[in-house]
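Here the structure is laid out as structure tokens; the discussion comes afterwards.
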Amino acid sequence: MHYQDKLRVGAAQINTTLGELNANIDRHLTLIAEAQHEGVELLVFPELSLTGYRLASQVMQVAMPLEDPRLRTLADACGTMQVVVGFVEEASPGEYYNALAIFQHGQLMAVHRKLNLPTYGGLEEGKWFTHGSELTHTDICPGWSATQLICADLWNPALVHAALLARPTVLCAPINSASGIVSDDFSNEENWALNTRFYAMTYGTPVIMANRFGAEGESHFWGGSRILGPGGETLAQAEDEEALIVADLSRTAIAKARFELPTHRDADTPLVRELMAGYR
């Protein structure tokens, strides 16, 4: 089978309007069309990009079952491009997930439910959402695949390690990060740059981090969306504004990075499993 060496990817740094589903969907459709014009083959929107973040009791009003026709509208718009969108999934009455809808070829290809729900500092997700229990892995085109983790999922290193054992060529990282949301002393801006660069370099896996930019109530979402190469190098980074950023990834560069630092090869999963067996 012939594998294409290049994959054009994008991150959509937008500012979602809290609770305004229809307006937010229109904004997504505009950016999907813009990305298609740029030749993007994988496009990542921020966490909860259809709804906004501080939903609290509005979770019920914005939640969508997978059969919702508005999700079908987004699927139809994506064409051959794989698109990752943040939304609230209604799994059953009263059961809601902070989730990603992954579209391609006019279909909802997969759903990732957030695994690690932060409930500390100014974060209250454990009050409103059910936590997911499965990893997600999608094929994009021959030779290219992605795994998707949502925001705080990436602050549990064991979850990232488990997700990357599947050897995806790309890690999609939609986030919703506001300045000072954890504490006055914890810099989201500096620490997200460290977090994503570490994983990209350690696993030889490009990272697409899509954050929001702008205000929501008293919160300021600082943006900083970036596309990192397999050595942790910055291929594209958004300015302090709404933006679509685009970069070309190289399968050859990924292979070189993983050959030089064989984290996947040397993971020794049976040993790790044995060492962890005694912990709860």
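Miscellaneous remarks
- Charge context of P142, other residues only, Cβ under 13 angstrom, K/R +1, D/E -1: -1
- Global geometry of segment 185-245, whether rounded, prolate or oblate, following the gyration tensor of its Cα atoms and the 1.5 cut on a/c: oblate
- Highest mean packing comes first when the peptides 83-95, 121-133 are listed by Cβ atoms within 10 Å, giving 83-95, 121-133.
- Relative contact order, percent, the chain [alpha-carbon distance under 8 Å, six or more residues apart]: 20 percent
- Computed [θ] at 222 nm, deg cm²/dmol, the chain (DSSP H ≥ 4; -39,500 (n - 2.57); rounded to nearest 500): -8000 deg cm²/dmol
- Look at the alpha carbon pairs under 8 Å that are at least 6 residues apart: their mean separation over the length of segment 50-141 gives a relative contact order of 24 percent.
- Listed by chain and number, the lysines whose alpha-carbon sits under 24 Å from that of K114, ignoring those within fewer than 8 places in the same chain, are K127.
- Neighbours of E125, meaning other residues whose beta-carbon lies under 14 angstrom from its beta-carbon, give a summed charge of 0 when Lys and Arg score +1 and Asp and Glu score -1.
- Whole-number percent relative contact order across segment 1-58, with pairs defined as alpha carbons under 8 Å at least 6 apart: 52 percent
- Within-12-Å neighbourhood charge of I32 [Cβ basis; K, R +1; D, E -1]: -3
- Shape call, the chain: gyration tensor on alpha carbons, a/c limit 1.5: rounded
- Three-way shape label, segment 236-280, alpha-carbon gyration tensor, a/c 1.5: oblate
- Proximal lysines to K256, defined as alpha-carbon separation beneath 28 angstrom and excluding residues fewer than eight positions away on the same chain: K6
- Ordering V182, A247, Q4 by Cα displacement along the dipole of the chain toward the positive end leaves Q4 in first place; charges were set at the Cβ atoms of Lys, Arg (+1) and Asp, Glu (-1).
Read-outs: derived from the displayed coordinates by stated rules, not from any lab. Since the structure is predicted, the reported quantities are computational estimates derived from the model, not experimental observations. Heads up, the Cβs are rebuilt from the backbone with ideal geometry, glycines too, and the neighbour counts pull from every protein chain shown.
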